[in-house]
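> Structure provided below as structure tokens; questions to follow.
The values are calculated or read from the model by the stated rules, or taken from the named source; none is laboratory data. Because the structure is predicted, anything quoted here is derived from the model rather than measured. So basically every Cβ, Gly included, is an ideal-geometry build from the backbone, and we count neighbours across all protein chains shown.
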Amino acid sequence: MQNKAVISIKNLWAGYDSDTILEDVSFEMFQEDYVGLIGPNGGGKTTLIRVILGLVKPDRGTISVMGMEPYQGRKHIGYVPQFQVEDKQFPISVWDVVAMGRLRPSIFANFRMSSSDKQAIETALDQTGMLEFRNRTMNELSGGQRQRVYISRALVTEPKILLLDEPTSSVDSHSSTQLYDLLAKLNDHIAILLISHDLTAISTYVKTIGCVNRRLVYSGTKEITSDMLDIAYECPVDLVAHGLPHRVLPSHQEGHQHD
Amino acid sequence: MIEQLSTIFSYEFMRNALLASMWISLACGIVGTLVVLNRIVSLSGGIAHAAYGGVGLAYYLGQDPMLGALLFSTVSALVMGTAHRKSKTGADTLIGVMWSIGMAVGIIFISLTPGYKANLMSYLFGSILAVSSNDLKLMALIAFVVLAFVILSYRSLLAISYDETFSTVRNVQVNLIYLSMLVLIGLTVVVSMRMVGLILVIALLSIPPAVARVFLKDMRGIMLLSFILSAIFCALGLVISFLTNIQTGPVIILLASTAYLISLLVRQLLTAKRQ
């Protein structure tokens, strides 16, 4: 198991209709990994997630999740989506959101929850410190609390891999620190793949970093190479502003606005 | 007052109308909650108007208009629903087109049919007072099917309504559940059409849940309260309509709309209080 990749992507091309968004992406991830992928908006981060989750079929190349096709392997992925603003309107309790993680595929198989389901939901809520909020509705929670609920929902599926999409996008800095502490703990037994446009946050906590912007540069280290910067940002101003002053950034043409 | 009520409901057609409105309220309360929470009110409007094509066709062929409406509403629900799942914006146009085609087809077939056609107006504006015992049976059946489906698949329905992507990733049968939901919308639209008419069906589907969700934050609760509200609007509407000799459908809708406006005010007050 030690050397078997949990996610393995080889020379993958993907996009929508004739629009290619990911080009020749290769990527391997292992059980003990904690990978952060950064990249600008529109650079294919979401497409990469959708490919891994089996929601978008690759045009070329191969992908396997836990050695299976994504649509089978995804049952081992605990997916933590970005919280959408319109979700706020939906009347649903914390408990019911986490209970989604225990759904069985068959339509009528979810008539009743077993006591082990309920136990698992309680444990997952406890792990993220959200148990006391179980009866609250989602729209009463802060951004950080909602992320914790989504992480609980992912944990309740007993995942081998945790896949997080912009986990701190609507979270204040204090809560986001707490969130990363939680993820570091979970990484003891779950591989984590985190995708974000926020380099600073990621680089402090993850074990290894990669960049995605149509192509993917990932060498399995925490170094941010000039290769990554080349593909990830047309202009590195954003990086300077966010920190990492110890990095020497390659010079680029000036006057470009990032994003 | 009570004496007056017992007089009103001493007529069989009024008792039938009351019973029919209870069945419809049950189906509409449940289905309407799904419609509102999934934000497919306009899709439901499309289904209702496409159903009119079926009414016209069945009438032309000498069949029961309800059968035609059931057929058209089911097919259009599946077509528009599939398009809606592929692209939410692209479906918008298709819904508009099917909406008008349904009406056009209905009207053409009706004008091709010789004879007295006053009865067909009832599909546009409703004629709860003319409900037959066969209609009642059909309404009860559909209300029961809707109730059974929602009880059995409640958690799956809640899941796909709230987060379709996550449900897909968990390999929940999202397509099957979604399309079943659309078929139920189609069935409910058709039975409600008898009552308030297809033009006003949307109000009966969307207003009670819209009022209910101001007060409740739980899908099950919203379904139940929508049923209760809808039943109150209908019963009250029937009585007022009987006393004033105004058509029932519009009276019910006006009652519901008034409640909706009040609920908006209440929501304003509630949020103002919180801040």
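> Looking at region A:59-99, which of the residues that are among the β-branched types (Val, Ile, Thr) and within 18 Å of A:Ile192 (Cα to Cα) is nearest to the other protein chains (Cβ to nearest Cβ)?
A:Ile77
> Can you name every residue in region A:100-120 that is facing chain B (nearest Cβ under 7 Å) and closer than 30 Å to A:Met29 by Cβ?
A:Met100, A:Leu103, A:Pro105
> Counting only residues that are among the hydrophobic types (A, V, I, L, M, F, W, C) and within 23 Å of A:His76 (Cα to Cα), give me the strands (runs of 3 or more DSSP E) lying completely in region A:146-218 with at least 3 of them.
A:161-165, A:191-196
> Just a yes or no: is a residue in region B:133-149 farther than 30 Å from B:Glu12 by Cβ, within 14 Å of chain A (Cβ to nearest Cβ) and assigned to a helix (DSSP H, G or I)?
yes
> Would you call B:Ile160 within 13 Å of chain A (Cβ to nearest Cβ), more than 20 Å from the chain's Cα centre (by Cα) and either within 28 Å of A:Trp95 (Cα to Cα) or assigned to a helix (DSSP H, G or I) (or both)?
It is true that B:Ile160 is within 13 Å of chain A (Cβ to nearest Cβ), more than 20 Å from the chain's Cα centre (by Cα) and either within 28 Å of A:Trp95 (Cα to Cα) or assigned to a helix (DSSP H, G or I) (or both).
> While we're here: Here are A:Ala241, A:Ala201: which of them is of a type in the set (A, V, I, L, M), under 23 Å from A:Val171 (Cα atoms) and modelled with pLDDT under 50?
A:Ala241
> Looking at B:Ser25, is it without any contact (Cβ under 8 Å) to a residue 60 or more places away in the chain and in a helix (DSSP H, G or I)?
no
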